[in-house]
Each structure stands twice: as C-alpha cells, then as structure tokens.
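Q: Pasting a structure below so you can have a look.
Here, each number is a calculation from the coordinates, and none is a lab measurement. Treat the numbers as computed from the prediction; the structure is a model and nothing was measured. Here the Cβ is made from the backbone with ideal geometry for all residues, glycine too, and neighbour counts use every protein chain on show.
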Amino acid sequence: MVNQKRNQEETNPCLKEQELSYKCLSMNNYDKDKCQLEFENYKTCKGFWMSIQSERRRKGIKPYLPTIEDREKIKREYFAKLGK
C-alpha cells in the first residue's frame, strides 16, 4: 500500500488536493457546490505542474515532471519569483 501511494505521488503531484476533493464530496453527499474550494485548489495545482512540465520540456530538462524530492524546491523558487 505504501509503495502504491508512492507511485501515485510520483505521477500525480496533486494527489493530496485530489484526495481532499474526493473526501469533500464524500462528506457532503456528493454536493459539488459545497466543494468548490477543494476543486479550485486541485485545478490550480494541476495548472501549476502542467506549466512546470511544459517549461522543462521546452528547456530539454528531464524528467519533465520533477521528482518528489525536487518539487518543494521548485515551488519555493516559483513563489519567490512571484514575490519580486
């Protein structure tokens, strides 16, 4: 089970946001209106990592999706740029 979770995290950098969306739906009897914040967080996360992958692909950096270990550093660098 731990290996399966690790594999999912490797291929889905937004696994936590996805799981929170599912949990919200389950807790709210699948009323999507009550889970808009979770959906928006997931959508934002997916958009962020898709843009990172596109940028890395353009620059020839592999793997296109950063490793789990590199993701936190990439997020910090990205948000540091936004702060300037």
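Q: Could you calculate the FRET efficiency of Ile61 with Phe39 from 1/(1 + (r/R0)^6), where r is the beta carbon distance between them and R0 is 30 Å, rounded to 0.05?
A: 0.50
Q: Over the chain, with a Gaussian network built from C-alpha contacts below 10 Å, which listed residue (Glu17, Glu69, Glu38) shows the highest mean-square fluctuation?
A: Taking springs between Cα atoms under 10 Å, the residue moving most is Glu69.
Q: 222 nm [θ] for the chain, helices only, -39500 (n - 2.57) per DSSP H run of 4+, per residue, to 500? Mind showing how you got there, number by number?
A: Values: 4 runs with 63 residues, N = 84.
Calculated mean residue ellipticity at 222 nm is -25000 deg cm²/dmol.
Q: Cα extents of the chain along the three principal axes, largest first, in whole Å?
A: 44, 37, 19
Q: Total Lys pairs in the chain closer than 14 Å by alpha-carbon, pairs eight or more apart in sequence or interchain only?
A: Details: Lys5/Lys16; Lys16/Lys43; Lys16/Lys46; Lys23/Lys32; Lys23/Lys34; Lys46/Lys75; Lys73/Lys81.
Close lysine pairs under the 14 Å cut-off: 7.
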